[in-house]
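Below is one structure; the comments refer to it alone.
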Amino acid sequence: MNKLHFKVGLFAAASLVLAAVFIAYLLHARGFFEKTFHLQLAATSADGVAPGVPVVFSGIEIGRVTTLGLNENGGIIIHTEFLGRNAKWLKENSTFTLDKPIVGGAKIRVDSPDLRAPALPDNATMLLLTSDISKEIPALVERVKAILANVEYLTRKDGEINATLASVKTVTGRMTGEYGVLEGVLGSPEKARAVTDSLDKTRALITKLDALTAKTDQWLFAQDGMAEQTKASLAQVRLMLNDAQSSLKKADAVMANAVEISANVKDGTQDIAKLRAEIDDAVRKANGLINEINKKWPFAREPEVKLP
Amino acid sequence: MAAVSALPDDVARVALDLPLRANLSALDNIALIPLYQRHYGAAESARLAQAMLDQLGYADIALLRDPDMTPAQRFVAKLARALILKRPRLVIDRPGAMLYDVPYPAFIRQLAAQADMAGTWEIFDFSWNQALYKE
Amino acid sequence: MNFLAASIESLGAKVVGWFTVGYGMFAFLAQAGLLLLEPATWNRATFDVVVKQIYFTAVQILHVFLGYALVISWLIITIILSTARDFGLTEFASEMTIRVLVLELLPFLTALFVALRSGSAINTEVALMQVNNELDALAHCKVPPMQFEFLPRLIGGVVSVVTLAGLAGLLALLMGYLAIYGMNVAGFEPYTRTIAKIFDFRIMAGLIAKCALFGLAVTLIPVTAGLETPKKLFMVPVSVLRGMMRVFFAIVAIEVVSLALKYI
């Protein structure tokens, strides 16, 4: 027996076995032996989404974006791929949210509130929601701050009437501007065909209104004597909110429209029903908020604006 | 001596400036030729090389490497390598430089008697060594 | 003016010299590659020489090499883990460890190891063969030395570096697992996920290609450097020196190019 050949043979055999085991392990790890599970996500904008963006569930990566494309209506279709073993986390009531953190890469977050729900079929289409409120909140807060600053200036005790009236003008002007912005915000879905954006904007509006009410509550009941004009200007605010409400209704209609469009994206109706429910919920919340404002404010029955 | 190194291709030379491959045994050095020139198998080549050494009466040097051989053994290995080339002429170039430990004309004559080769053997040597070849 | 002309001339000579060396190397490689395509090359004798080369390049040093890889891996893993913990980046530690060790450091060190041990030996041997007229003797016998001297060395070098780097990488993966998760199977799933994330097809192919190029560099360059040696015994050390310099530059160049392709 040749000792040298024996040793080399042993070395080669051991290396080959290890290499084969490692390759088999790697193929297993990369899901070569499993069925791949595909899922399409419909979105309004593919901003920040690129092939390779991870899909995470509870912070653990379970899939990846493979390709991006447009459908016939100009909507964005994001194709994602999952390993067969990870498909069990995708349920019919799962929500898919695009997360764009201030630091780090974008990712698509999956939330499955009920793991007993029926599993998603292969090649299903779901809607991708956007949650980068990180960008919109500061802008809204700034606007609300500007309004509040003006309102506070308006209601100071030693304020001269002329100055107050001037302020009313300014505030009204601003509010019209603000209203315009709101309309712009709420109107934009008319242009955007997909649904998620408008839904998101609705949420942002609620956030804003919440902030506004909290602040108004504070100063409204702290100060008892208020000039008539001031009340009038506040009535303007209420009017604005009423308008906002009607805009929300308009947005609702737009969303109904958008749902119809996204229905073309794929035949999956279950997710659209879910989306409708979400929109209704959002609109209902906004309505409730406006009603509350109406109740709390003492000048609810004076819708007209009087200006000198 | 430029004439010797400029000999045509059909001449097999045994010379000081054509050494054996140092890290191969004598047998392997000889077996290289059937192995890589005529594409014989490894076992067949080794058998041919061993037969050549047996014929020259030096079977025992088969496993020795160049540095372990005496000048005479080294010469035999080189000669075997030249013979296995099977060329019509064999030229031994200045044998005195390689065979400094034996009376080389007699030694070569004895080897020539043992080897069976179709061609001619020629010895190139310095003229002042001519006397050595006269028996 | 003369000085300028002289420096331009010396620069030109250097460029021409480098070009000649590069050309010689690639011509040699092409010759070896063509020989590889010939069916006559694939015989038992060549195989035996290849086996011998692999024995001397890889098997003989296996225990030393694995011990050395073990120590280096353990050190690097410990450093990365403790640094990652200090900066609160533990989640990236395993990926970082694998990338640094398995993809970059271990193949590089393997190439250096084989270059220092076998590359220098090959360079010296070929230079001595050249100086000793052994190559002329082979030419006289019409035996081309490529098939039984050089080609097996190239194949042996490539096979050895790929295998040694692979074994060291597997060892480092095992060590990384033990260092992060300890002696239990709890971490198997997350570790598998990390490995799956890193080793896609491109990375694996790149790693193997890089190791193969390393193996080629640490054998091809010494062989050609040895063949360039003038027939003077005192030129052998100079030849080894030049060859080893070129091997070092080649290894670094391959590493830099592979990093650039991977991350740029």
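The values are calculated or read from the model by the stated rules, or taken from the named source; none is laboratory data. Quantities reported herein were computed from a predicted structural model and do not represent experimental measurements. No Cβ is skipped: glycine too gets one built from the backbone with ideal geometry, and neighbour counts run over all protein chains shown.
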Subset of the stretch A:81-90 [surrounded by fewer than 18 Cβ atoms within 10 Å (Cβ to Cβ) and assigned to a strand (DSSP E or B)]: A:81
Does the stretch A:16-40 hold any residues that are in contact with a strand residue (DSSP E or B) (Cβ under 6 Å, 6 or more places away or on another chain) and facing another protein chain (nearest Cβ under 9 Å), and which are they? A:31
Would you mention how many residues in the stretch C:26-51 are out of contact with any His (no Cβ under 9 Å at 6 or more places or on another chain), within 10 Å of another protein chain (Cβ to nearest Cβ) and within 22 Å of residue C:165 (Cβ to Cβ)? 1
Quick check on residue C:210: is it among the charged types (D, E, K, R), more than 14 Å from chain A (Cβ to nearest Cβ) and within 16 Å of residue C:162 (Cα to Cα)? yes
So, in the stretch A:41-65, of the ones that are within 14 Å of chain C (Cβ to nearest Cβ) and loosely packed, with under 14 Cβ neighbours inside 10 Å, which residue ends up nearest to residue C:203 (Cα to Cα)? A:52
What is the number of the single condition among (1) more than 13 Å from chain A (Cβ to nearest Cβ); (2) over 19 Å from the mean Cα position of the chain (by Cα) that residue C:101 does not meet? (2)
Would a scan of the stretch C:198-216 turn up a residue that is of a type in the set (Asp, Glu), in a loop (DSSP other than H, G, I, E, B) and surrounded by 16 or more Cβ atoms within 10 Å (Cβ to Cβ)? no
Answer yes or no as to whether residue A:131 is more than 19 Å from residue A:45 (Cβ to Cβ), at pLDDT below 85 and touching a strand residue (DSSP E or B) at 6+ places or on another chain (Cβ under 6 Å). no
Any hit, the stretch B:42-56, residues being in contact with a Pro (Cβ under 9 Å, 6 or more places away or on another chain) and within 8 Å of chain C (Cβ to nearest Cβ): yes
Return a yes/no flag: does the stretch B:63-76 have any residue that is within 13 Å of chain C (Cβ to nearest Cβ) and within 11 Å of the chain's Cα centre (by Cα). yes
Just need a number here: residues in the stretch B:106-132 that are surrounded by 12 or more Cβ atoms within 10 Å (Cβ to Cβ) and touching a strand residue (DSSP E or B) at 6+ places or on another chain (Cβ under 8 Å). 8
Name, by its number, the condition in (1) more than 14 Å from the chain's Cα centre (by Cα); (2) modelled with pLDDT of 95 or more that does not hold for residue C:251. (1)
Matching residues, the stretch A:72-105, being more than 19 Å from residue C:194 (Cβ to Cβ), at pLDDT 80 or above and of a type in the set (S, T, N, Q): A:80, A:93, A:94, A:95, A:97
Of the conditions (1) over 22 Å from residue B:54 (Cβ atoms); (2) at pLDDT 80 or above; (3) loosely packed, with under 14 Cβ neighbours inside 10 Å, residue B:91 clears all except one; give me its number. (3)
The correct count of residues that are under 28 Å from the mean Cα position of the chain (by Cα) and modelled with pLDDT of 90 or more in the stretch C:58-96 is 23
Before we move on, is residue C:225 small (Gly, Ala, Ser), in contact (Cβ under 8 Å) with a residue 60 or more places away in the chain, part of a helix (DSSP H, G or I) and away from chain A (no Cβ under 14 Å)? yes
Given (1) buried (at least 18 other Cβ atoms within 10 Å of the Cβ); (2) in contact with a helix residue (DSSP H, G or I) (Cβ under 8 Å, 6 or more places away or on another chain); (3) modelled with pLDDT under 85, number of the condition residue A:15 does not satisfy: (3)
Any residue that is within 12 Å of another protein chain (Cβ to nearest Cβ), surrounded by fewer than 17 Cβ atoms within 10 Å (Cβ to Cβ) and either modelled with pLDDT of 90 or more or part of a helix (DSSP H, G or I) (or both) - is there at least one of those in the stretch B:6-17? no
Tell me whether the stretch C:193-205 contains one or more residues that are more than 14 Å from every other protein chain (Cβ to nearest Cβ) and of a type in the set (A, V, I, L, M). no
Is it the case that some residue within the stretch C:57-66 is in contact with an Asp or Glu (Cβ under 9 Å, 6 or more places away or on another chain), among the aliphatic types (A, V, I, L, M) and closer than 23 Å to residue A:2 by Cβ? no
Mind listing whichever residues of the stretch C:105-139 are of a type in the set (A, V, I, L, M, F, W, C) and within 14 Å of chain B (Cβ to nearest Cβ)? C:121, C:122, C:126, C:127, C:128, C:129, C:131, C:135, C:137, C:138, C:139
If you scan the stretch C:140-184, which residues turn out to be more than 14 Å from chain B (Cβ to nearest Cβ), crowded, with 20+ Cβ neighbours inside 10 Å and farther than 27 Å from residue C:210 by Cβ? none
Among the residues of the stretch C:113-120, are any closer than 19 Å to residue C:203 by Cβ and out of contact with any Ser or Thr (no Cβ under 9 Å at 6 or more places or on another chain)? no
Being in contact (Cβ under 8 Å) with a residue 40 or more places away in the chain and of a type outside the set (Asp, Glu), is that true of even one residue in the stretch B:103-113? yes
